[in-house]
Amino acid sequence: MDHDGIMLYRTDPARNMARFYALALQPSLFGDVALVRRWGRLGTHGRCIIELHADRAGAMRALEHHRRIKLRRGYRV
């Protein structure tokens, strides 16, 4: 399985805003697929959450869902 990933950014110097949001698919040790979401201020490690999905299709749907939400909120690729 390939490691699919998307990196999104939102910056606004006038508001001192410099954020990132990363989404990646990774295989887990138990055969399912993990959606790894990491976010925070640019230059930091940020926070991370891992969502487990039974298959790649379900993980891709979740990735797309989070990507669409972030794009609506002003994040860019």
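Averaged per residue, the chain has 68 square angstrom of accessible surface, using a 1.4 angstrom probe with ligands and nucleic acids left out.
Computed with every protein chain present, the accessible area of Val77 is close to 130 Å² [probe 1.4 Å].
Per residue of the chain, the DSSP helices (runs of n ≥ 4 H) give a summed -39500 (n - 2.57) that works out to -7500 deg cm²/dmol at 222 nm. Solvent-accessible area assigned to carbon and sulfur over the chain amounts to 53 percent, based on a 1.4 Å probe.
Computed from Cα positions, the angle between helix 56-72 and the longest principal axis of the chain comes to roughly 10 degrees.
The values are calculated or read from the model by the stated rules, or taken from the named source; none is laboratory data. Computed from a predicted model, the values in this text were never measured in an experiment. Keep in mind that these areas ignore ligands, DNA and RNA; they rest on the heavy atoms of the full protein, side chains included. Shrake-Rupley method; radii C 1.70, N 1.55, O 1.52, S 1.80 Å.
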